[in-house]
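The values are calculated or read from the model by the stated rules, or taken from the named source; none is laboratory data. Predicted, not measured: the structure shown is a model, and the values here were computed from it. Because the Cβ atoms are built from the backbone with ideal geometry, glycine has one as well, and the counts that use them run over all protein chains shown.
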């Protein structure tokens, strides 16, 4: 039987894991396995001369208890199959091992239904032979430690199929000092876990609530709870947040002309009022820009008149920037000479009208898009 020290070791190892299994499912399970066992060394034993025909088929039955979802203990009965040999006296012999096993098992989930397992324990083994070939009957018993590993698949909530490998050490015949064996086992196991998991109680039916009709106070088509711009005018188009949609409105304005004396680029004092009017407009429209265009009458050399018209434009732009504070980046100046007269002819009246400066303002403003 299993010695007391091994029993104590297994008991102490189990104590830290005394926890209940999953709700509903029982911690108890049972199963059976079938596989192939190979004793080693086999034909290399000192009394073995020739190998016979082995019966390597092994089986086991077991029951287990889970301390939690990852650790448990198993008690089982195992038959490791039989090996044959012919000894130096030309007598056919055979040997097999079977007995009770007790060990700890551990489970490690790796996917939704897949898991790895590891185990360690001891087998209280009995060596035996069939004696049907006239050999001396012999048997011995002892404690053989084993370790194992496996991979399992959860067929159902209760059924699990596992592929197992186990290694047994010290399956020895100490009574006659004839056998010193180890063993390798490969097999399949099917286990059944008792009980069933508890089904979650159905959630209570929600109490119907009376919902208030959503409001749109400013009648813009967006309900108040999403409206980030309340009280928008009813004729404005709005976005999904209830805010007015704007577009750029680009318009061009001509603010009249400033006249100059003949052959002069000096600004007439009477013209400052018009320049101030232009500056005020640009301050009210900060997105606007202005082009100052200088012009000349058709008297004298055209090239000279072109330069003179440019001086008139530059002088006006300078006053607009330096006296009235309009940013230079918003002001441009250009001379057009005699190319753009406002009055045709060679009369004094025509010449006076064409000696001028004109300001063309381009302003960019955002205006509401109307329905």
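Values as computed for the structure displayed
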| item | result |
| --- | --- |
| Boolean, residue 318 is within 20 Å of residue 266 (Cβ to Cβ) and without any contact (Cβ under 8 Å) to a residue 24 or more places away in the chain | yes |
| Meets criteria (closer than 29 Å to residue 367 by Cα and buried (at least 19 other Cβ atoms within 10 Å of the Cβ)) for residue 258 | no |
| Residues satisfying the stated conditions in segment 289-307, i.e. buried (at least 21 other Cβ atoms within 10 Å of the Cβ) and closer than 23 Å to residue 329 by Cα | 290, 292, 293, 294, 295 |
| Residues (under 16 Å from residue 358 (Cα atoms) and surrounded by 17 or more Cβ atoms within 10 Å (Cβ to Cβ)) located in segment 322-336 | 331, 333, 335, 336 |
| Failed condition for residue 362, given (1) touching a residue at least 60 places away in the same chain (Cβ under 8 Å); (2) surrounded by fewer than 16 Cβ atoms within 10 Å (Cβ to Cβ); (3) out of contact with any strand residue (DSSP E or B) (no Cβ under 9 Å at 6 or more places or on another chain) | (3) |
| Unique residue being under 30 Å from residue 232 (Cα atoms) and at pLDDT below 90 when the list is 363, 345 | 363 |
| Selected residue [touching a strand residue (DSSP E or B) at 6+ places or on another chain (Cβ under 9 Å), part of a strand (DSSP E or B) and crowded, with 16+ Cβ neighbours inside 10 Å] from 227, 172 | 172 |
| Residue match in segment 336-355 (condition: assigned to a strand (DSSP E or B) and within 13 Å of residue 259 (Cα to Cα)) | no |
